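Since the structure comes first, as structure tokens, the remarks are kept for the end.
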Amino acid sequence: MAPTGVNQLSHPCIYGEFVSSYAERKSRFMKWLSKLFRSGPGRGNAAGSNHHPQLIGDESMIWRAPPRSLDDRSRAQKEKEELDHAIGLSLAEDLKRRSGYRWQAERDEELARSLQDSSNPPLYPPYAPAPAPYYSYGETQRICGGCKHDIRFGNYLGCMGTYFHPQCFCCRSCGRPIVENEFSLSGRDPYHKSCFKELAHPKCEVCHQFIPTNRAGLIEYRCHPFWSQKYCPSHEHDNTARCCSCERLESWDARYVSLGDGRSLCFECMESAIMDTGDCQPLYHAIRDYYEGMNMRLDQQIPMLLVERQALNEAIVGEKSGLHHMPETRGLCLSEEQTVTSILKRPTFGRHQLVGIKTQPQKLTRKCEVTAILVLYGLPRLLTGAILAHELMHGWLRLKGYRNLNPEVEEGICQVLSYMWLESEVMPGFKNMPSSSTSTSAASSSSSSSSSKKGGKSKVEHKLGEFFMHQIANDSSPAYGGGFRSANAAVNKYGLRRTLDHIHLTGNFPL
């Protein structure tokens, strides 16, 4: 098993056989030196000379000192040269041996120097070859896993069954050497613990801090199912602003726009937001054309108003019937006579909020089964259009005599029309009008004309359209979510026209 830690040695260990003691090596060296001196020329004794025995080192070797002559100076110089040469040969012979400790050569060199009785440097310095790399008995070469070169001397690291020079054991992320005792490992790639945390530990996209662990020591966070926005659970309760359109939380480095009625809007949704009734009229007529292209013409002119949140809530209270998607209702198909305050002129943007909004009260009289269609102001174009398509379907059902439908059926089929219109905007080439093939071209042309007036949809708006479709398809409420899925299955199987006829006759979806 490969070690997970870093093993560090101060010096490489050298193993081998032990050499003899220092005294034994000195004795062997002195015996060899004695033989060398006895075999030299002119080593005899002269008559009439008195000599004393001379002890050298720890050996009991005695010889007579040679008589002095006229060539004593040259003879002493030769002896000195021979001694230097002998010392060099001895040192070279010891260095060639594979066994033993390296410090033994240094002790021999000190012994040789102590035998020299002169301060002058020798004419022939001892020969000592440069030390070669060596390994212990049975040991293989160590190859650095970083630079792929041999590890000869000095410190080295062992990790994952591989050896490294200290400067070659580097972090995969930042490229700097890892000098700490602990590090992180991903596969076979080492990382600094801090670098690996930056890569692997999730950061909150609201406060931009590392998401803390819970009491069990686990990383717990919230993640939006569509946008994949990760954030700390605490931000759901600390009054962090949430976009009323795309549902993303406000980041600490990007302020949202306040609409003045408790709602906030992110800058991406703000780019295509519709702010007053006049701006919404072209979109409203384009959606009416979309209905007409599917042979679902609306003969009556139904008024459409953009209103504030408070005005919409007041209108809901005055409405006697109808199911409203709580906690936030964005549109309403009125059947009663009311006075509603609508947005007359779009507000201006200043200091992260909208100011200067102008409203106008309007008396709505009942001329048919539908009094008016109300839509919340300040929403992106595609979301506003999806709400209009939904509320227009409520109006179409009432005008065509579809009475007393249960909420799952009525809201479900209205959501299908809203989804189909979004689909035509987000995926214009997708065939989403199953009612009749002859009406598809007309509806597609009306959809393309509405988008061309806006100069085409950006990638941001396209992504928003996909999100609004995702919201409809994954709604968890029984009427809006469950009703949509049942209605969509019926329309995909039988077509929109046959499904509507079956609803008119039975009040339920065809099975």
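The values are calculated or read from the model by the stated rules, or taken from the named source; none is laboratory data. Keep in mind it's a predicted model, so treat the numbers as computed, not measured. Every residue, glycine as well, gets a Cβ built from its backbone with ideal geometry; the counts of neighbours run over all protein chains shown. Each accessible area value is taken on the protein alone, full model and side chains, heavy atoms only, with ligands, DNA and RNA left out. Shrake-Rupley method; radii C 1.70, N 1.55, O 1.52, S 1.80 Å.
Which of the residues that make up the stretch 153-209 are more than 21 Å from Arg142 (Cα to Cα), among the small types (Gly, Ala, Ser) and open to solvent by 30 Å² or more (accessible area, probe 1.4 Å)? Hits for the stretch 153-209 are Ser173, Gly175, Ser186, Gly187, Ser194, Ala200. Considering only the stretch 385-406, state which residues are farther than 14 Å from Cys368 by Cα and charged (D, E, K, R). Residues satisfying the conditions are Glu391, Arg403. Looking across Cys195, Cys174, one residue alone is at pLDDT 90 or above and either within 30 Å of Phe467 (Cβ to Cβ) or part of a loop (DSSP other than H, G, I, E, B) (or both). It is Cys174.
Does Ala241 fit the bill of being modelled with pLDDT of 95 or more, among the aliphatic types (A, V, I, L, M) and on the phi < 0 side of the Ramachandran plot? Lay out the reasoning, then the answer.
Working: modelled with pLDDT of 95 or more: no; among the aliphatic types (A, V, I, L, M): yes; on the phi < 0 side of the Ramachandran plot: yes.
It is false that Ala241 is modelled with pLDDT of 95 or more, among the aliphatic types (A, V, I, L, M) and on the phi < 0 side of the Ramachandran plot.
Scanning the stretch 384-404 for residues that are in contact with a Lys or Arg (Cβ under 8 Å, 6 or more places away or on another chain) and either buried (at least 23 other Cβ atoms within 10 Å of the Cβ) or touching a residue at least 60 places away in the same chain (Cβ under 8 Å) (or both) gives a single hit, Leu392. Pick from Leu332, Leu405, Leu323: which is more than 17 Å from Val307 (Cβ to Cβ), at pLDDT 90 or above and in contact with a helix residue (DSSP H, G or I) (Cβ under 8 Å, 6 or more places away or on another chain)? Exactly one residue qualifies, and that residue is Leu405.
Consider the stretch 358-380. How many of its residues are within 43 Å of the chain's Cα centre (by Cα) and either of a type in the set (Val, Ile, Thr) or open to solvent by 10 Å² or more (accessible area, probe 1.4 Å) (or both)? Even if it seems obvious, please write down each step before you answer.
Just the residues of the stretch 358-380 that are within 43 Å of the chain's Cα centre (by Cα), to begin with: 375-380.
Narrowing further to those that are either of a type in the set (Val, Ile, Thr) or open to solvent by 10 Å² or more (accessible area, probe 1.4 Å) (or both): 375.
Of the residues in that region, 1 qualify.
Of all residues in the stretch 495-511, those that are surrounded by 15 or more Cβ atoms within 10 Å (Cβ to Cβ) and not in a helix (DSSP H, G or I) total 3.
Of the helices (runs of 4 or more DSSP H) entirely within the stretch 246-330, those holding at least 2 residues that are more than 32 Å from the chain's Cα centre (by Cα), of a type in the set (Gly, Ala, Ser) and buried (at least 17 other Cβ atoms within 10 Å of the Cβ) occupy 277-293, 309-318. Here Ser451 meets the list (1) part of a helix (DSSP H, G or I); (2) modelled with pLDDT under 65; (3) open to solvent by 60 Å² or more (accessible area, probe 1.4 Å) almost entirely, failing just condition (3). With respect to the conditions (1) more than 26 Å from His462 (Cα to Cα); (2) open to solvent by 60 Å² or more (accessible area, probe 1.4 Å), Thr348 falls short on a single one, namely (1).
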